[in-house]
Amino acid sequence: MNNKAVDVIVIGAGPVGENVAQYAHDGGLSVLLVDKELFGGECSYYACIPSKALLRPVDLAHATDHVQGVSGASINARDMLARRDEWVSEYDDSSQITWAQDAGLEVARGHARIVGERRVEITPVDGGTTANDPQTTEPYTVEARVAVVLATGSTPVIPNMYQGVNAWGSRDATGVVEVPDRLVIVGGGVVAVEAATWMQALGSKVTMLVRGSSLLDRSEPFAGQFVKESLENQGITVLTNAEVTAVKRDPALNPNPEIGHIHGGTVHLDVITRSHSADGDTVKTLDADELLVATGRRPALDNVGLDTVGLTPDDIREGNLPEWLHAIGDAGTGAPLTHQGKYEARVLGAKLAGTPETAPNVEVPVPQVVFTDPQVASVGLTEAQARQQGREVLTSEVEITSAAGVGLLRDDTNGKAKLVVDAHTGVLLGATFVGPDVAELLHAATVAVVGELPVRVLRHAVPAYPTASEIWLRLLEEFPVELR
């Protein structure tokens, strides 16, 4: 195997790696796809898929509480977890490997490390499954005639304070097997708010510690406020402006558990909640059966061999890579979202094969959905982001229930929608929707931003009545006549 060569080596077999490999192969290149863990990646087994599998039953149960004529649904924790296990194929990636091989890709299960220009050493793990040699056990080197692609994803950022307490990470939350009676979540982003939702539904008493003043602080401010109110209505305690000053754990009954199992030692956290009122700061100690640290992620670039070709992760961030090396998805510089990484992969795979896609004239916007109750769906720029770029903008903002189609979804729903447009051209720059099932409103906004559609054109796109899409009319009517 030491003299083996292919056109493209893709390190990382998640959705991003799979897509770049497929597009490169479909363009006529030979491709080796390698991963040391499960083919299908973080999204398929530990992030997007299991989290949404857990959240959907919760969403349906909440909906039945808010529609007259339907009796409330109950949550069955065992069935929720069984649904999750089915969606992650019981953590068996054999179907993913079969797909890759059927698509014409060579596959290898092993740790891949760059050892020179266009050269990758693969150290087999778990039997070293490959298309050509299923039982390879010795390290071997493969040469890439065209390119090496790093699609290694990301890993959780665990602040030093929590390093010694065996805290849960996002994999434990989506892979939960034993539900802790008391769970503290540190963080206020997407992972934190979604995990709080399903863990509370499974039976945990959840407390969230948010360092800043709001949840989802990269969204329009009203989004985090609606989500906070909803979480609190579900019985979740949300402490904002909260700083953990010390944390310790009693001796764990199970110091090295499998993913999703409780360690067994009580966690004690000293917390200061900052206040600008006359009452001053408050100091308390929280006790929990488990601690989930959801404080962000970073590119998984440790031990991929960048140093062997004189590079560091900073070179990736600065776009300073040789023409044969690429980093995409979470491992690169784009938004750390599966769908955005897959888009980058399709473009890169086609480019490597000499069939580049035609790019739009605008920077491709990043759509995102937070699957809480209410959902938060956004794309493009927020008002604050647009103004930070020096743009002059106009905005429209309406209650989500101003569209009858939204009101029909639930009898007592609330939420908002907002558009951000260029003040001179009326072109849509960004959109945010908060409410039930607003994820399905998002793609229309994404198309409008990519297509650089102005308000005067959008107002002629007629939404069906009575659907949630009619919220577009309410929003567009808020703009000055000269833009319409």
State all residues of the range 124-140 that are open to solvent by less than 50 Å² (accessible area, probe 1.4 Å) and at pLDDT 90 or above; if no residue qualifies, say none.
Pro124, Tyr140
Can you spot a residue in the range 302-321 that is closer than 17 Å to Gln163 by Cα, in contact (Cβ under 8 Å) with a residue 24 or more places away in the chain and out of contact with any Phe, Trp or Tyr (no Cβ under 9 Å at 6 or more places or on another chain)?
no
Is one or more of the residues making up the range 76-84 open to solvent by less than 30 Å² (accessible area, probe 1.4 Å), within 25 Å of Gly349 (Cβ to Cβ), part of a helix (DSSP H, G or I) and out of contact with any Pro (no Cβ under 9 Å at 6 or more places or on another chain)?
no
What number of residues in the range 93-114 are exposed (fewer than 15 other Cβ atoms within 10 Å of the Cβ) and either charged (D, E, K, R) or in contact with an Asp or Glu (Cβ under 6 Å, 6 or more places away or on another chain) (or both)?
1
Might you let me know whether the range 50-59 holds any residue that is among the acidic types (Asp, Glu) and at pLDDT 95 or above?
no
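Each row is one residue, and each column tells you yes or no for (1) free of Cβ contacts under 8 Å to residues at least 12 places away in the same chain; (2) under 17 Å from Gly110 (Cα atoms); (3) surrounded by fewer than 24 Cβ atoms within 10 Å (Cβ to Cβ).
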residue: Gly12; (1), (2), (3): no, yes, no
residue: Val16; (1), (2), (3): no, no, no
residue: Leu33; (1), (2), (3): no, yes, no
residue: Lys36; (1), (2), (3): no, yes, yes
Filter the range 399-415 for residues that are assigned to a loop (DSSP other than H, G, I, E, B) and either surrounded by 16 or more Cβ atoms within 10 Å (Cβ to Cβ) or of a type in the set (Ser, Thr, Tyr) (or both) and give the result.
Ala403, Leu409, Arg410, Thr413, Asn414, Gly415
How do the pairs read when you match residues in the range 408-419 that are touching a residue at least 40 places away in the same chain (Cβ under 8 Å) and of a type outside the set (A, V, I, L, M) with residues anywhere that are open to solvent by less than 20 Å² (accessible area, probe 1.4 Å) and assigned to a loop (DSSP other than H, G, I, E, B), using Cβ under 6 Å and keeping only pairs 6 or more apart or on different chains?
Arg410/Pro436; Thr413/Pro436; Gly415/Pro374; Lys418/Glu220
Give, as residue ranges, the helices (runs of 4 or more DSSP H) completely inside the range 301-398 that count at least 3 residues that are farther than 26 Å from Val191 by Cα, assigned by the TED database to the domain that holds Asp26 and open to solvent by less than 60 Å² (accessible area, probe 1.4 Å).
338-352
State yes or no: is Leu32 outside any helix (DSSP H, G or I), under 30 Å from Gln101 (Cβ atoms) and in contact with a strand residue (DSSP E or B) (Cβ under 8 Å, 6 or more places away or on another chain)?
yes
In this structure, does Gln200 turn out to be open to solvent by 30 Å² or more (accessible area, probe 1.4 Å), outside any loop (DSSP other than H, G, I, E, B) and either within 24 Å of Arg84 (Cβ to Cβ) or outside the structural domain of Trp168 (by the TED database) (or both)?
yes
So Thr432, is it surrounded by 22 or more Cβ atoms within 10 Å (Cβ to Cβ) and not hydrophobic (A, V, I, L, M, F, W, C)
yes
Qualifying positions in the range 168-197 - outside any helix (DSSP H, G or I), out of contact with any helix residue (DSSP H, G or I) (no Cβ under 6 Å at 6 or more places or on another chain), surrounded by fewer than 24 Cβ atoms within 10 Å (Cβ to Cβ) and of a type in the set (A, V, I, L, M)
Val177
What pairs come up if the first residue lies in the range 208-226 and is assigned by the TED database to the domain that holds Ala377, the second is surrounded by fewer than 24 Cβ atoms within 10 Å (Cβ to Cβ) and in a helix (DSSP H, G or I), and their beta carbons are under 9 Å apart, counting only those six or more places apart or on different chains?
none
Across the range 61-81, the tally of residues that are more than 14 Å from Asp411 (Cα to Cα) and without any contact (Cβ under 8 Å) to a residue 60 or more places away in the chain stands at 5
Among Ala423, Ala403, which is the only one that is more than 29 Å from Thr338 (Cα to Cα) and at pLDDT 95 or above?
Ala423
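The values are calculated or read from the model by the stated rules, or taken from the named source; none is laboratory data. Keep in mind the model is a prediction, meaning the values are calculated, not measured. As a convention, Cβ positions derive from the backbone with ideal geometry for all residues, glycine included, and neighbour counts pool all protein chains shown. For the accessible areas, the whole protein counts, side chains as well, though only heavy atoms, and no ligand, DNA or RNA atoms are used. Shrake-Rupley method; radii C 1.70, N 1.55, O 1.52, S 1.80 Å.
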